[in-house]
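Trainee: Quick one: this structure, given as C-alpha cells, is what I'll be asking you about.
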Amino acid sequence: MAVTFHRVKSSLETKIRKPGGKSITSAVTDARENLAALADTHLALIAERLEVLTTLVDPISDRPTDDRLDQIHALADECMGYCAGVDRSGLPECFLKICQLADAVSLSTLWLPGCFEPVLNMTRLCFGGVLDNRQVEVLSVEIHRCIDRLSAARKAPGLS
Amino acid sequence: MAEILPEGRLNLTAVKALCVDSNSQGLEILTQTLTGFGVDKLIRAHTAEEARKALRQDRFDIMLADARLSDESGYDLLRWLRRSTLEHNRFVPVILVTGHTRESQVQYARDSGANFVVAKPTSPIVLLQRIQWVARGGRVFVESDTFVGPDRRFKHEGLPNGVGRRSTDASEALGDASEPNMTQSEIDTVFRPQRVSL
C-alpha cells in the first residue's frame, strides 16, 4: 500500500500570528458571554426535549423500538450541545448517560425494564438545579452498572 | 479552584471559517463561539451538501462541523473533503463536534481525517486550545488507501518490535544499570555548593 506524506503549512498557521487580535482571556470571556446570551433559548429547548424523551420511553417497562432508541440518542445528543452556555451543574453528563444507555440497549439481547427511569429522573433533577456534579457522579455509578450489564449481553454483529 | 487561562494573544480576524451544523441552535453555538474569539468571516452551512458547495466555491482557513448532519454524517463529509481534489481546502484544519459517538461509529470517527474531535457541550476554552494546537502546525498530512488526513500519532512510540536498528537511529533506551543507584545523601552531596580554594 502506497503512503504519501505531505508537509502542508495551513493558512491558519500564518494568519493567527499576525499582529493585533485579542488576548486569550478576552477571547474566552467574549465567547462565554455570547453563549450565555443563548442560555434562555437553550433551557426552553432542553425542557421541550425532556418531555419528548419521556414519551419515547413510555411505557417505561417496555423496551423502546430501535427507531425510538435512535430518536432518544439523537435528542440527548442535541441537548448535550445546548448545555454549552447553560448553568446547570451535571446536566451534560446526564444526557451523555442517556446516549450511552440508548446505545447499550440497542446493541443488547438483554432488556432491563424501567432502566431509563433513573437516568431521566436524574436529568430532570439536574435541569431543576437540584443536583450538582458530585451527586450526579454518585448516582451515575448505578446507571453505569446497568449499562455494563446490557453491554455484557451484546448481540452478535450483523443482527438487529 | 480558579481557572488559569494561558497568556498570549491570537489574531483570528483574517481567518475564514466554515461552520456546518443541521441544528440551527447548534450552528449558533459554533458561530457565536468563533465570533467571541474574533473571527469575522464566517460561512454557515446547514447540510453536508451546502458545505460541499461552499468548499468548492471558497477557500477556508478552518472548518468546524457537527458529526451528525441531517443529510449525512460529518465523518462522511470530511472523508469526501480529504479525498477531493480541492487543493487548498482538502488540507484545511477540521474540528468535528460530537456528543456521544455510538460504539459502532468510534473507529469510523477516528479514521475520518479530523484534526480533532471535540465533545459537546463545546467549551470555549477547549475549542480555543484545539484551534491554537492546530495553528501550531508541524503535523504531516498522510494519504493512503485507507486513511487521508493529519497524522493521527501524537507521540513517538520508539522502534517497533522486531525491527532492526539503523546506525542513524537515536538510542531509545539507557540500558540496564551497571552499578548500584546513588543514595539520596550522595545525590545531595553532588549538588551542595562547595568552597574551592584558588
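Trainee: Decide, for segment B:1-104, between rounded, prolate and oblate: order the square roots of the alpha carbon gyration tensor eigenvalues as a ≥ b ≥ c, take rounded if a/c falls under 1.5, and otherwise choose prolate if a/b is larger than b/c, else oblate.
Mentor: In terms of gyration-tensor shape, oblate.
Trainee: If you keep only loop residues by DSSP, which trypsin sites (Lys or Arg not before Pro) in segment B:108-155 have at most 14 other Cβ atoms within 10 Å of their Cβ?
Mentor: B:Arg152, B:Arg153, B:Lys155
Trainee: Roughly how many debye, to the nearest 20, is the charge dipole of the protein assembly as shown about its Cα centre, given +1 on each Lys and Arg Cβ, -1 on each Asp and Glu Cβ, and no other charges?
Mentor: Once rounded to the nearest 20, the dipole reads 1340 debye.
Trainee: What average count of beta carbons from other chains do you get within 10 Å of the Cβ of residues in B:98-111?
Mentor: The mean count of partner-chain Cβ atoms within 10 Å per residue comes to 4.
Trainee: For B:Lys41, which lysines qualify as cross-link partners when the Cα separation must be under 20 Å and same-chain residues fewer than eight apart are set aside?
Mentor: Candidates past the 8-residue exclusion: A:Lys15, A:Lys18, A:Lys22, B:Lys16, B:Lys53.
Trainee: Taking +1 at the Cβ of each Lys and Arg and -1 at the Cβ of each Asp and Glu, which of A:Ser89, B:Ile95, B:Gly149 sits farthest along the dipole of the protein assembly as shown towards its positive end, judged by Cα position relative to the Cα centre?
Mentor: Of the candidates, B:Gly149 comes out farthest on the positive side.
Trainee: Provide a whole-number value for the mean count of partner chain Cβ atoms within 10 Å of the Cβ atoms in peptide A:57-66.
Mentor: 0
Trainee: Could you bin all the Cα-Cα distances of the protein assembly as shown into 10 Å bins starting at 0 and give me the percent of pairs in each, rounded to whole numbers?
Mentor: 5, 20, 25, 22, 16, 8, 3, 1, 0, 0
Trainee: May I pose another question? Among B:His100, B:His88, B:His46, rank each residue by its count of other Cβ atoms within 10 Å, from fewest to most, as a rough exposure measure.
Mentor: On the way: B:His100 21, B:His88 14, B:His46 18.
So the ranking, lowest neighbour count to highest, is B:His88, B:His46, B:His100.
Trainee: Under a no-solvent Debye model with one identical scatterer per Cα of segment A:71-113, what's log10 I(q)/I(0) at q = 0.16, 0.19, 0.23, 0.31 Å⁻¹?
Mentor: One equal scatterer on each Cα of segment A:71-113 leads to -0.44, -0.57, -0.74, -1.04.
Trainee: From the C-alpha gyration tensor of segment A:6-127, pull out the three semi-axes of the equivalent ellipsoid (sqrt of 5λ each), sorted largest to smallest, in whole Å. Can you show the working numbers first?
Mentor: Working: eigenvalues 287, 77, 22 Å².
Whole-Å semi-axes of the equivalent ellipsoid: 38, 20, 10.
Trainee: Something else: Counting other C-beta atoms within 10 Å, and keeping those with at most 13, which DSSP coil trypsin sites (Lys or Arg not before Pro) do you find in segment A:98-160?
Mentor: Hits after loop and neighbour filter: A:Lys155.
Trainee: Report, in debye and to the nearest 20, how large the dipole of segment A:33-160 comes out about its Cα centre when Lys and Arg carry +1 and Asp and Glu carry -1 on their Cβ. Mind showing how you got there, number by number?
Mentor: Details: 11 positive and 19 negative charges, 100 e Å.
Magnitude of the dipole: close to 480 debye.
Trainee: OK, next. Based only on the alpha carbon positions, what is the Kirkwood hydrodynamic radius of segment B:82-156, in angstrom?
Mentor: Across segment B:82-156, the inverse of the average 1/r is 13.5 Å.
Quick note: the coordinates plus some simple rules give every number you see, no bench work behind them. What you see is a predicted model, and the numbers here were worked out from it, not measured in a lab. Cβ coordinates were reconstructed from backbone atoms using ideal geometry, including for glycine residues, and neighbour counts include every protein chain displayed.
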